[in-house]
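What follows is a short report on a single structure.
The values are calculated or read from the model by the stated rules, or taken from the named source; none is laboratory data. Every value quoted in this text rests on a predicted model; they were computed, and no experiment measured them. Ideal geometry is used to build each Cβ from the backbone, glycine not excepted, and the neighbour counts take in all protein chains shown. Side chains included, ligands, DNA and RNA excluded: accessible areas come from the protein's heavy atoms. Shrake-Rupley method; radii C 1.70, N 1.55, O 1.52, S 1.80 Å.
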Amino acid sequence: MNPDPEAPNPRADALKAELDLVRRREAEFRANMVQEFLDRGERNTYLHTLREERAALVRRGQEASADLEYLVRRLEADGERAAALEAQLGRMRASCSWRLTAPLRAVGRLFARAQSGPRDPEARPRSGAEGGVFTYYLHTSPFRVYHDEAFTLRGWAFPQDGRRITAIRAVVDGRSFIGRHGLEEPEVIARHGQQPANPRPGFEVRFETPAGRHELSLEAQLEGAEWRWIVRTAIWCEPKGS
């Protein structure tokens, strides 16, 4: 007589329960292996990268604070020096000798103009570019104290009127430094959409930074014609060890 297939079978139930237990243990083992791999490998690498980036940001913040303090001190010193010179000039102009020698100074100025002749237009001319309306970002900020002999400005830009950028340059006290343009910036396209005239809006330009105060102008040439400045600022260069 064959047994009823629907009748309870304790042995089969025990085997099924044991098989389910083995499967659960195997799943837990695989999960633990994956967790251990992440802890020892990829996760630690990712956390290490995040820690390095955080440390770099903290360092950049500290450097920026130091540069800002230095610039404030320079401005204070320059202001005090200018006030002292103005006071000294006022005392000189109020003196009798200044009034008596006024005709001689006027003759000296006329003689100096006659001797110097017309001014050389190529002698460190200042940029005559007009301002433009750009959407831009600078990866390496120009608002700093420059300590090295040269600096590379990196970023991206495109004019809001949709024209094509055909060249990029930095002008320092009238001296022009041509840079590279047309560099890939996929994040810009993802954020601002396609730019038909400027599909690769990235650029970099390296310029010299001699000691002292200078005027910096970052400029773009549009459609191979006129230049338009993107950003202008005064910069201060203080070589290391000086």
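Mind checking whether some residue in the range 138-158 is farther than 21 Å from Arg60 by Cβ, assigned to a strand (DSSP E or B) and out of contact with any Lys or Arg (no Cβ under 8 Å at 6 or more places or on another chain)?
yes
Among the candidates Ala234, Ala220, single out the residue that is open to solvent by less than 70 Å² (accessible area, probe 1.4 Å), part of a strand (DSSP E or B) and in contact with a Gly (Cβ under 8 Å, 6 or more places away or on another chain).
None of the other options fit; the residue is Ala220.
So, Glu18, is that one over 28 Å from Tyr146 (Cα atoms) and either modelled with pLDDT of 70 or more or surrounded by 10 or more Cβ atoms within 10 Å (Cβ to Cβ) (or both) or not?
Yes, satisfied.
Which residue is nearest to Glu130 (Cα to Cα), if the candidates are limited to the range 192-217 and must be part of a strand (DSSP E or B) and hydrophobic (A, V, I, L, M, F, W, C)?
Leu216
Taking the condition of being more than 16 Å from the chain's Cα centre (by Cα) and surrounded by fewer than 16 Cβ atoms within 10 Å (Cβ to Cβ), how many residues in the range 149-161 meet it?
Residues flagged as more than 16 Å from the chain's Cα centre (by Cα) and surrounded by fewer than 16 Cβ atoms within 10 Å (Cβ to Cβ) within the range 149-161 amount to 3.
Could you look through the range 162-191, keep only residues that are farther than 18 Å from Val231 by Cβ and assigned to a helix (DSSP H, G or I), and pick out the one that is least open to solvent (accessible area, probe 1.4 Å)?
Going through the qualifying residues, I end up with Ile189.
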